[in-house]
Amino acid sequence: MNLKAISSNIGKALLVNALFMMLSIIVSISDGFDEAFAPLMVSFLITSIAGGFPLIFVRHTQENSIKDGYITMVAAWLMSFIVGMLPYVLYGGEFTLVNAWFESVSGYTTTGSTILTDIESLPRSLLFWRSSTHFIGGLGVVVFLLLIIPDANSFKFRLSNLEVSTLSQYGYRYRRVNVPRIMLSVYVGLTVAETLLLMLAGMSFFDAINHSFSTIATGGFSTKNTSIMHFDSPAIDIIIIVFMILASMHFGVIYAMLIKRSFAPIKNSVSAYYLNVIVVLSLFVTSVLMIQGGYSSFGKALLDSVFQVASFISTTGFGNADNALWPMLANMFLLFAAFHCGCSGSTTGGVKADRMLIIFKEIRNEFKRRLHPSSIFRTKVDDHAINNDQVSAIFLYFVAYLFILFMSFIAVLVSGVEISDAFSGTLASLGNVGPGIDALGTMGNYASQPVFAKIIYTVAMFLGRLEIFPVLAILHLALNFRKRAPRVSYAEDHSK
């Protein structure tokens, strides 16, 4: 294990956080040194010192292994969670230690769940920091780190393999070292475009940039207590719908469309399947709202349905209506969207549309094999054949996802949470969606949840954001390290 290289790379990740803290401090200064200035300044100094120390005093070496990559990735996320909660803890108010941890993890993992009951009472600088954690976490703490590491460094290639999942690499037809730059260009481009359009639709610059940070990161933090419903604007709803869907699609596909100036790249099986799922779910929810939900206008029911389906399936979690008032059947469709989620190679969490499509194709092929035992049926996505190892890995992830969902649900139930809140909260946390149903709906919050439940939710958020196996790999390394630690007997130690 190369501790020097690991600490140096984690230091760089912390400096990325310090940069956005400085931007938040500038917002505070522009507001006349608001109440969050001191918490942000102290947090900035602590984060800068912690990030700069290994860069100054630790000599970086180039010898890195795959284990070093896993440790760097997991540790960079955990350290970001810790420094990210500092402004909240120092500010106080609703931010107890556990609440600050919850808000920080929710921000970086782009889950968007909140413990705040009065968001609008916070200083604008702290709201900006809150949205910044989405922006950092959406692209990925490690992707920012990859942008800093020189291309010639072999560790960059290894770390890129870990951060950009194998499932999403099919859509990137570019050199691996260029992937972080492609992701950044799409990420920033979509953020700028949405900010400008929201301003044209009537939002202030501050609200527009904050909601763009949240949308493109598919996070869901808003500057308003009632989220997007506060603005009561169909134009704003439509703009956010479009960008929620774009942000939940493969960034490699979006980049190819922009470069080629053509819609041809989006005409692939995964994108078509994903968009069709959105259309079908939206029509189902619209029908339920018209029949059971008390909606008299088809246009309003359709707009609210498309918005909520796009919000849940993209794991953004914004709300333009209170789904706690909707019929249970409509909410069941939303929970399916929260389980399904968007495409790999995007900022979404959850199982991912790619895996769902391959699972459905493999199930169909299994029926064919049973009917025609002598025939060979290969699962294919467009022209790419999925080999048996890849299919097994996808089913393994699916089973692991369900197992963690079940165990987390049981743990939250044990803490005393009502069953519907426990299930929807766990599902929303593991899928990095944010809102659930009933008390945890789009207009609700997690403030009243027990402390133990909040901790379980944050563990689920972290596992969901890193797609489970990197965290399990680190746990495996830690357990093996303890087993392999040499034990020196008293006689041996005395003889020395």
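Excluding ligands, DNA and RNA, what is the solvent-accessible area per residue of the chain at a probe of 1.4 Å, expressed in Å²? Don't jump to the answer; show the numbers that get you there.
On the way: 21030 Å² over 496 residues.
Here the residues of the chain average 42 Å² of exposed surface.
Rounded to whole numbers, the Karplus 3J(HN,Hα) couplings from phi for the range 330-343 are 4, 5, 5, 5, 5, 5, 5, 4, 5, 7, 6, 6, x, 8 Hz, using 6.51 cos²θ - 1.76 cosθ + 1.60 with θ = phi - 60°, and x at Gly and Pro. Charges were assigned to the Cβ only: +1 to each Lys and Arg, -1 to each Asp and Glu. The resulting dipole of the chain about its Cα centre is roughly 2100 debye.
Roughly speaking, what is the stretch gain from VAL188 to PHE336, that is 0.36 nm per residue apart minus the C-alpha to C-alpha distance, in nm to one decimal?
Numbers: separation 148, 0.36 × 148 = 53.28 nm, distance 2.97 nm.
Going from the current span to full extension adds 50.3 nm.
Taking θ as phi - 60° and the Karplus parameters 6.51, -1.76 and 1.60, the scalar couplings of the range 71-79 work out to 5, 4, 5, 5, 5, 4, 5, 5, 5 Hz in sequence order, x denoting glycine and proline.
Given 0.36 nm per residue, what is the gain on full extension from ALA38 to ASN225 after removing their alpha carbon distance, in nm? Walk me through the numbers on the way to the answer.
Values: separation 187, 0.36 × 187 = 67.32 nm, distance 2.47 nm.
Gain on extension, ALA38 to ASN225, equals 64.9 nm.
Placing +1 on the Cβ of every Lys and Arg and -1 on the Cβ of every Asp and Glu, with nothing else charged, gives the range 373-474 a dipole about its Cα centre of roughly 120 debye. Placing unit charges on the Cβ atoms only, positive for Lys and Arg and negative for Asp and Glu, gives the range 300-381 a dipole magnitude near 620 debye about its Cα centre. Here the 3J(HN,Hα) profile of the range 317-329, calculated from phi with Karplus coefficients 6.51, -1.76 and 1.60 at θ = phi - 60°, is x, 5, x, 10, 7, 8, 6, 5, 8, 7, x, 4, 4 Hz, Gly and Pro shown as x.
Taking 0.36 nm per residue of separation and subtracting the current Cα-Cα distance, fully stretching the chain between LYS4 and PHE452 would add 157.8 nm. Here is the tail figure for the chain: Cα pairs spaced more than 42 Å apart come to 16 percent of all pairs.
Computed from the C-beta positions of ASP389 and ASN480, the FRET efficiency with R₀ = 30 Å rounds to 0.80.
Label-to-label distance, PHE206 versus LEU413, with points set 7 angstrom from Cα along the beta-carbon direction: 4.5 nm. Annotation: peptides 15-22, 358-365, 220-227, ranked by per-residue average of other Cβ atoms within 10 Å with the highest first, follow the order 220-227, 15-22, 358-365.
Can you give me the % of accessible surface on the range 83-124 that is carbon or sulfur? Probe 1.4 Å, all protein chains present, nothing else counted.
Working: 770 of 1270 Å².
About 60 percent, which is the carbon plus sulfur part of the accessible surface.
With a cut-off of 13 Å on the backbone N, the residues of the range 303-342 near the modelled label site 7 Å out from VAL381 along Cα-Cβ are 342.
A simple spin-label model places pseudo-atoms 7 Å from Cα toward Cβ; at ALA75 and VAL399 they are separated by 3.3 nm.
If R0 is taken as 25 Å, the Cβ-Cβ distance between ILE266 and ILE363 corresponds to a FRET efficiency of 0.45.
Near the amide H of VAL381, within less than 5 Å, lie the amide hydrogens of ILE386, all on another chain or at least 5 residues away, with H placed in the peptide plane.
The values are calculated or read from the model by the stated rules, or taken from the named source; none is laboratory data. Quick caveat, the model's predicted, so the values are computed rather than measured. Cβ atoms come from the backbone with ideal geometry, glycine included; neighbour counts cover every protein chain shown. Ligands, DNA and RNA are stripped out before the accessible areas are found, and what is left, the full protein with its side chains, is counted by its heavy atoms. Shrake-Rupley method; radii C 1.70, N 1.55, O 1.52, S 1.80 Å.
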